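The values are calculated or read from the model by the stated rules, or taken from the named source; none is laboratory data. Model, not experiment: these values are computed from the prediction. FYI the Cβ positions are ideal-geometry reconstructions off the backbone, even for glycines, and counts take in every protein chain you see.
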């Protein structure tokens, strides 16, 4: 149930672009990149059930569960498009051409935040009280989360423009279920934290599409095993992932990389573990889970880079209001900066400081950008702040360097940094972003190959890429590789190129932004 988003507004007669005031941080100035300091702690009814209830625990239950799941997935094509490419469930392979020249003008309300929608589904199911969720994202990934919690015992109802989730509670997940996460990496990595500590005798199997089967799960399995969990994975690190409920004990775990998904998995497991669980972050990452847990009465606390949670009897949430997604908004924001004559207002977008790193990078590169974003020092657990941004095509862009400290705050938007670098003066470097290799595609390799095919002077490094501005892009064809971010990148590249871009597999965008082409049409009409 997405709100109708883009509104076309004609430019005022004789108007000129205002001077750039720059981003303002709420209740203070903008936070410099990389600075370290203290920190505060509408879906339509689904069209397809992704899950199958397996047999009750008994003889060889897990084997039977994932075999049943395999049979079902083979019958519907195992989530693959033509040539074996993974695609979002229920979508046909689509190629689409994006032509240059038309300015973007109007107001955009971005689609609901995907990360928060996943967490709303899971925390809603774990809550002892029914949870009203407004503005839940209706996309392929988040429908997988709703299907998962339904199979685990939650009732999900659509009421007056919102979802009402009545779950089985913290310790009541239905056992004996095979769960198909589709293409949802967040669901794959968070769900084991809840299931691993369920009352003993519960068993589950998690699997997904071809892309998910290439993404490792050992980074959540390893710390969960330290807590006493029993998990089995294909080749020790891939799905199917089989989980048997066990009694857990709290641990202190230093994350090897800044990952909101691993952190969230361990915090959910900590709710069920004896003692306390502490997660130490090497760098800050998105904190939606911590904010929701604090609101649910989980007794979570933060001391610098250390986040601690203890065992709880239950969680109690009443409402979750999902804001607009900064990662989705970033694509049309970049288009507005790159396409001459554009002027775009983005409203209702999350201003959470752990999610808006890209917009600080965009401003640093010289984009015409104004607005108010949350400050790191004044962040609180009281919900998610909103913002309004104004963007316009302006002067030339300048190259920048994105460091490892900034990467977790802009991880999903780094492909756009590469695109912007093609139009910037100088060399743009992204470092410390090896995590991109573990996304829906190897986003270092696919971004470099894709943009190079459009005329970019770009090369891959072990942990990122280097882009030398060459006056823009020629255009051509870009293969999405079943990756929603890559499909959206190709669309924006086409708008800013000289000859246009045909995106091969544009259907992948339905994973996070199914209304992208409709919004783009409204803004360029």
**Complete:** Residues of region 398-410 being more than 19 Å from the chain's Cα centre (by Cα), within 30 Å of residue 259 (Cβ to Cβ) and not in a loop (DSSP other than H, G, I, E, B), in sequence order, are 401, 402
**Complete:** Subset of region 347-356, residues surrounded by 24 or more Cβ atoms within 10 Å (Cβ to Cβ) and either touching a helix residue (DSSP H, G or I) at 6+ places or on another chain (Cβ under 6 Å) or over 22 Å from residue 258 (Cβ atoms) (or both), comes to 349, 350, 355, 356
**Request:** Specify the residue that is surrounded by the most Cβ atoms within 10 Å (Cβ to Cβ); the eligible residues are those in region 368-397 that are in a loop (DSSP other than H, G, I, E, B) and over 23 Å from the mean Cα position of the chain (by Cα).
**Result:** 393
**Message:** Yes or no: region 114-132 includes at least one residue that is under 30 Å from residue 438 (Cβ atoms), assigned to a loop (DSSP other than H, G, I, E, B), touching a strand residue (DSSP E or B) at 6+ places or on another chain (Cβ under 6 Å) and modelled with pLDDT of 95 or more.
**Reply:** no
**Message:** Looking for something within 25 Å of residue 140 (Cα to Cα) and crowded, with 18+ Cβ neighbours inside 10 Å - is there at least one such residue anywhere in region 448-457?
**Reply:** yes
**Prompt:** Any idea which residue in region 467-498 is surrounded by the most Cβ atoms within 10 Å (Cβ to Cβ), counting only those that are assigned to a strand (DSSP E or B) and under 24 Å from the mean Cα position of the chain (by Cα)?
**Reply:** 478
**Item:** Odd one out for residue 253 among (1) outside any loop (DSSP other than H, G, I, E, B); (2) crowded, with 24+ Cβ neighbours inside 10 Å
**Value:** (2)
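Let's see how each residue does on (1) in a helix (DSSP H, G or I); (2) in contact with a helix residue (DSSP H, G or I) (Cβ under 6 Å, 6 or more places away or on another chain); (3) within 29 Å of residue 484 (Cα to Cα); (4) not assigned by TED's automatic domain parsing to the domain that holds residue 125:
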{"position": "263", "(1), (2), (3), (4)": "yes, no, yes, no"}
{"position": "268", "(1), (2), (3), (4)": "yes, yes, yes, no"}
{"position": "278", "(1), (2), (3), (4)": "no, no, no, no"}
{"position": "284", "(1), (2), (3), (4)": "no, no, yes, no"}
{"position": "298", "(1), (2), (3), (4)": "no, no, no, no"}
{"position": "313", "(1), (2), (3), (4)": "no, no, no, no"}
{"position": "328", "(1), (2), (3), (4)": "yes, no, yes, yes"}
{"position": "341", "(1), (2), (3), (4)": "no, no, yes, yes"}
**Fill in**
Scanning region 251-261 for residues that are touching a helix residue (DSSP H, G or I) at 6+ places or on another chain (Cβ under 6 Å) and farther than 22 Å from residue 184 by Cα gives 251, 253
